[in-house]
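Notes follow once the structure below has been shown.
The values are calculated or read from the model by the stated rules, or taken from the named source; none is laboratory data. This is a predicted model, so every value here is computed, not measured. In this analysis, Cβ positions are derived from the backbone assuming ideal geometry, glycine residues included, and neighbour counts consider all displayed protein chains.
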């Protein structure tokens with residue numbers, strides 16, 4: 001698509017259905033490599049990162065078949081390569097999840113350094129720390145990461161910082177390792193729980209996902225499964241903000257309200273009405289919006305990916321709001337802190 005044409009000035013009303021979570025799908029698709037049988041993945045979002053992930057799987061030898069508008073059957077049994085095609089992998093940051101999946105499957109992997117969106121430095125030192133703790137060795141050369149291991153063995157992994165990507169990569173590499181792996185200072189995001197649930201549905205033994213300590217007992221084989229990706233927290237939050245900004249009234253369907261708690265609480269402080277149901281939320285505004293302060297933080301804090309949306313909304317609120325970005329320095333000017341002045 002070359003451009004968007006938006007005719008504004010209208011209240012948003014009606015219903016909208018949220019698609020699958022990008023941050024879960026881009027890890028679950030590479031995780032299929034670990035299975036000894038075909039898998040069916042449902043509620044897969046139609047986004048470029050998914051398209052690239054599926055292309056990588058095909059280029060490596062997997063059989064990928066569409067079985068619905070948002071579902072795919074993936075047969076990884078013919079994958080015999082451990083090197084992800086360079087040009088394809090460079091197009092997205094999440095290509096590094098193929099490192100953990102391939103290492104867990106073949107005890108070796110070769111993937112390019114992550115590409116994708118330019119939100120400051122995205123170091124992979126914690127990923128490599130986890131792989132080395134499990135028994136792998138690595139080399140970095142000409143933009144490629146090479147991993148090899150004689151055998152992966154369970155180990156204690158402590159992350160120096162809370163990191164979603166490294167937590168998920170460590171899980172991928174550890175599920176078929178020998179013995180017990182304990183991941184400490186693990187990230188707690190919903191998509192980490194979703195990846196753990198997917199791997200467990202294939203026969204993995206993962207406990208504690210969603211807490212800061214994850215324990216993984218390695219297994220020899222993983223079987224096929226049918227699994228539905230969780231709804232996208234950020235897509236849902238974006239619609240919630242859009243409804244508030246236009247003083248609309250919308251029922252947002254296919255959500256997990258608990259995943260939206262940090263967003264919901266902040267919007268309610270601003271003056272947005274939110275009614276929660278089992279798998280949907282109704283959002284509407286019938287009064288003025290007021291100022292608030294926002295600080296991004298790892299889950300269960302306010303998500304950094306909702307920072308720009310809430311900033312836009314707060315320009316419509318009465319008074320001065322302060323937003324502090326604590327996750328990605330390059331995602332925000334003024335050294336991670338700024339003020340928005342409402343009308």
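Worth pointing out:
- Looking only at the range 18-53, residues that are surrounded by fewer than 13 Cβ atoms within 10 Å (Cβ to Cβ) and either outside the structural domain of residue 71 (by TED's automatic domain parsing) or within 17 Å of residue 305 (Cβ to Cβ) (or both) come to 1 in all.
- All positions within the range 288-315 that are surrounded by 15 or more Cβ atoms within 10 Å (Cβ to Cβ), out of contact with any helix residue (DSSP H, G or I) (no Cβ under 6 Å at 6 or more places or on another chain) and farther than 22 Å from residue 258 by Cα: 291, 311, 314
- Any hit, the range 216-228, residues being under 19 Å from the mean Cα position of the chain (by Cα), buried (at least 24 other Cβ atoms within 10 Å of the Cβ) and at negative phi: no
- Identity of the residue in the range 77-109, within 19 Å of residue 218 (Cβ to Cβ) and in contact (Cβ under 8 Å) with a residue 60 or more places away in the chain, that ends up surrounded by the most Cβ atoms within 10 Å (Cβ to Cβ): 100
- When each of 115, 104, 154 is tested for being assigned by TED's automatic domain parsing to the domain that holds residue 199, closer than 30 Å to residue 40 by Cβ, in contact with a helix residue (DSSP H, G or I) (Cβ under 8 Å, 6 or more places away or on another chain) and at pLDDT below 90, the lone residue that passes is 115.
- Residue within the range 11-31 that is more than 23 Å from the chain's Cα centre (by Cα) and not in a strand (DSSP E or B) present: yes
- Among all positions in the range 190-197, there is no residue which is surrounded by 15 or more Cβ atoms within 10 Å (Cβ to Cβ) and part of a strand (DSSP E or B).
- Scan of the range 289-313 for residues that are closer than 22 Å to residue 190 by Cβ and in contact (Cβ under 8 Å) with a residue 40 or more places away in the chain, ordered by number: 298, 299, 300, 302, 303, 305, 306, 309, 310
- Residues located in the range 206-216, provided they are in contact with a helix residue (DSSP H, G or I) (Cβ under 9 Å, 6 or more places away or on another chain), in a strand (DSSP E or B) and either over 14 Å from residue 170 (Cα atoms) or free of Cβ contacts under 8 Å to residues at least 60 places away in the same chain (or both): 206, 207, 209, 214
- Residue ranges of strands (runs of 3 or more DSSP E) in the range 239-284 with at least 1 members out of contact with any helix residue (DSSP H, G or I) (no Cβ under 8 Å at 6 or more places or on another chain) and not assigned by TED's automatic domain parsing to the domain that holds residue 304: none
- Residue 208 being on the phi < 0 side of the Ramachandran plot and at pLDDT 95 or above: no
- Candidate set: the range 54-63, residues that are in contact with a strand residue (DSSP E or B) (Cβ under 7 Å, 6 or more places away or on another chain) and surrounded by fewer than 17 Cβ atoms within 10 Å (Cβ to Cβ); chosen: the one farthest from residue 27 (Cα to Cα): 63
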